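Structure first, commentary second.
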Amino acid sequence: MYKVTLKARGQQFEVSCPPNVTPLRAARDQFIPIPTGCQQGGCGMCKVKVLDGEYAQELVRSHDALSNEELENGYALACCMMPKSDLEIITLEDYEKRKNESNPANLAEIK
Amino acid sequence: MAKIMRMGRAELKVLDLEKSVDYYTNVIGLEETGRMGDSVYLKAWDEYDHHSLILTKSNSAGLVHFGFKVETEDDLAYFENKIEEFGCTTTRISNNTRLGEGEAVHFILPTGHHCELYHEIDFLGKKVGHINPHPWSLETKGIAPHSLDHILLTGDDLKTVTRFFIEALNFRQSERITTIDGEELLGSFLFTSNKAHDLAFVKGPDAKLHHAGFHVDELHDVFRAADILSMYEVPFDVTPTRHGLTRGKTIYFFDPSGNRNEAFAGGYYAFPDMPTVTWTEDKIGQGIFYHRRELSESFMKALT
């Protein structure tokens, strides 16, 4: 059983995830509100950035949902990946928000 | 008057062609009618024409094109002019570009979707024939819908695309979703046959597919579809319920590439003299899902 730390909806959740179960399935089974769409690797709603850990991403997926470039840069689809170690993942929405917040240009505007 | 009869075909992008063919033949229960290149052609048992669905292998999901069948060759030329007059560019797709098809008129909608009109397509007939036919075939598999019913697309400028279908293609609007003040159009349901919708748009990103709907008879068939989908462990979006819009009975689920499918039953007969039914944004939950009365994130945001 791996521990998946999931940042979603501005919160942090801990998900117990068996090695043959996707983080999306594990999160949903534990009533954790992970963004969910087609669950077939087609729509990209469950796209996450992997901040830490090893995983295997199913490669047959829509390249609109997860491009090769994103794949190389540590993005994954939570519906069709398997953990290979404890994982730390963040939803695309939260990751973008975090990037904007840490952007000095945006901080200057807030002042 | 020139007439567009119905939505006759849709071409979907699929990620794994054989897995998709297996799903569309065994779970949905369509019949494979031919193959050409990276495409597989399928029809429902109650359709006469060569195909209503084309699956084309791609590295993304979504809609390649969809086509409406017109009643005569003259209608094709008539609508070609009307489309040009509206300001859309048309091109002719030549005979046999795809399997079993004659010439088609191609154009891109103001929402970015590729659309065609056609008249000529090979006639295959139904399994039950058309002389003293039985009401249904014993040889069907899976959900076995009668036909492809409609598609729902997303786009930004719904007012222009609605005007296009009404002015250039003689469609009518059966229902619409608007902001409370009525200023902005958030959903537009259009018909050319007597169905409550042949095509619909909801506000969203351009050129995306929300779902392709297949026609089944009754609520019982929607429920039976749900059973079959569970047997095959197909991911659901929405389990059986009723729509406020169109009054149809419905179930939503995803094909192996994440394209949303619907098994749709009922809905009223639409006639050209009906007023457009309006749903205001504050009642949209009830309009879309009559029982649940609230929208779901997956239904609103998962697109291909």
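The values are calculated or read from the model by the stated rules, or taken from the named source; none is laboratory data. Quick caveat, the model's predicted, so the values are computed rather than measured. Neighbour counts are summed over all protein chains in view; Cβ atoms, including those assigned to glycine, are modelled from backbone coordinates with ideal geometry. In case anyone asks, the SASA skips ligands and DNA or RNA and just uses the protein heavy atoms, side chains included. Shrake-Rupley method; radii C 1.70, N 1.55, O 1.52, S 1.80 Å.
Report, by residue number, each residue of the stretch B:90-117 that is surrounded by 17 or more Cβ atoms within 10 Å (Cβ to Cβ) and of a type in the set (A, V, I, L, M).
B:93, B:99, B:104, B:105, B:109, B:117
Looking at the stretch A:47-63, is at least one residue open to solvent by less than 20 Å² (accessible area, probe 1.4 Å), over 13 Å from the mean Cα position of the chain (by Cα) and modelled with pLDDT of 95 or more?
yes
Could you say which residue among B:80, B:32 is part of a helix (DSSP H, G or I) and either without any contact (Cβ under 8 Å) to a residue 40 or more places away in the chain or closer than 19 Å to residue B:212 by Cβ (or both)? Show your work before the answer.
Details: B:32 fails: part of a helix (DSSP H, G or I).
Every option except B:80 fails the conditions.
Given (1) open to solvent by less than 10 Å² (accessible area, probe 1.4 Å); (2) under 21 Å from residue B:177 (Cβ atoms), identify the lone condition not met by residue B:254.
All conditions are met except number (2).
At least 3 residues that are farther than 20 Å from residue B:113 by Cα and within 13 Å of another protein chain (Cβ to nearest Cβ) in each: list the strands (runs of 3 or more DSSP E) lying fully within the stretch B:185-304 that qualify.
Answer list for the stretch B:185-304: B:236-242, B:248-254.
Using the structure shown, decide if residue B:159 is basic (Lys, Arg) and part of a loop (DSSP other than H, G, I, E, B).
no
Please find, among B:181, B:198, B:157, B:221, the residue that is open to solvent by less than 30 Å² (accessible area, probe 1.4 Å) and either among the charged types (D, E, K, R) or closer than 30 Å to residue B:80 by Cβ (or both).
Testing whether each residue is open to solvent by less than 30 Å² (accessible area, probe 1.4 Å) and either among the charged types (D, E, K, R) or closer than 30 Å to residue B:80 by Cβ (or both) leaves just B:198.
Checking residue A:12 against (1) free of Cβ contacts under 8 Å to residues at least 24 places away in the same chain; (2) within 14 Å of another protein chain (Cβ to nearest Cβ); (3) over 22 Å from residue B:12 (Cα atoms), which single condition isn't satisfied?
Failing condition for residue A:12: (2).
Filter the stretch A:64-111 down to residues that are loosely packed, with under 11 Cβ neighbours inside 10 Å and farther than 30 Å from residue B:63 by Cα and give me whichever is modelled with the lowest pLDDT.
The residue in question is A:111.
Grab the strands (runs of 3 or more DSSP E) fully contained in the stretch A:59-106, keeping just those with 2 or more residues being in contact with a Pro (Cβ under 8 Å, 6 or more places away or on another chain). Even if it seems obvious, please write down each step before you answer.
Details: elements: A:75-77, A:81-83, A:87-91.
Output list reads A:81-83, A:87-91.
For residue B:166, which of the numbered conditions (1) assigned to a loop (DSSP other than H, G, I, E, B); (2) surrounded by fewer than 15 Cβ atoms within 10 Å (Cβ to Cβ) fails to hold?
(1)
When you go through B:63, B:42, B:55, B:76 one by one, which is the residue that is aliphatic (A, V, I, L, M), more than 30 Å from residue B:258 (Cβ to Cβ) and buried (at least 19 other Cβ atoms within 10 Å of the Cβ)?
Only one candidate passes the filter, namely B:76.
Which numbered condition in (1) of a type in the set (A, V, I, L, M); (2) assigned to a strand (DSSP E or B); (3) loosely packed, with under 15 Cβ neighbours inside 10 Å is the only one that residue B:152 fails?
(3)
Looking at A:35, A:23, A:19, which one is touching a Pro at 6+ places or on another chain (Cβ under 9 Å) and surrounded by 14 or more Cβ atoms within 10 Å (Cβ to Cβ)? Spell out the reasoning first.
Working: A:35 fails: touching a Pro at 6+ places or on another chain (Cβ under 9 Å); A:19 fails: surrounded by 14 or more Cβ atoms within 10 Å (Cβ to Cβ).
The match here is A:23.
So residue A:30 passes all but one of these: (1) buried (at least 17 other Cβ atoms within 10 Å of the Cβ); (2) closer than 22 Å to residue B:298 by Cα. Which condition number does it fail?
(1) is the only condition that residue A:30 fails.
Write out, first by first residue and then by second, each pair whose Cβ atoms fall under 8 Å of each other, whose residues are 6+ apart or on separate chains, and whose first residue, in the stretch A:30-43, is within 7 Å of chain B (Cβ to nearest Cβ) and among the β-branched types (Val, Ile, Thr) while the second is outside any loop (DSSP other than H, G, I, E, B) and surrounded by 24 or more Cβ atoms within 10 Å (Cβ to Cβ).
Here the result reads A:36/A:24, each pair linking the stretch A:30-43 to a residue that is outside any loop (DSSP other than H, G, I, E, B) and surrounded by 24 or more Cβ atoms within 10 Å (Cβ to Cβ).
Of all residues in the stretch B:158-185 being within 21 Å of the chain's Cα centre (by Cα) and among the aliphatic types (A, V, I, L, M), which is nearest to residue B:109 (Cα to Cα)?
B:161
Taking into account only those residues within the stretch A:1-16 that are within 17 Å of residue A:94 (Cα to Cα), assigned to a strand (DSSP E or B) and charged (D, E, K, R), which is least open to solvent (accessible area, probe 1.4 Å)?
Filtering the stretch A:1-16 for residues that are within 17 Å of residue A:94 (Cα to Cα), assigned to a strand (DSSP E or B) and charged (D, E, K, R), the one least open to solvent (accessible area, probe 1.4 Å) comes out as A:7.
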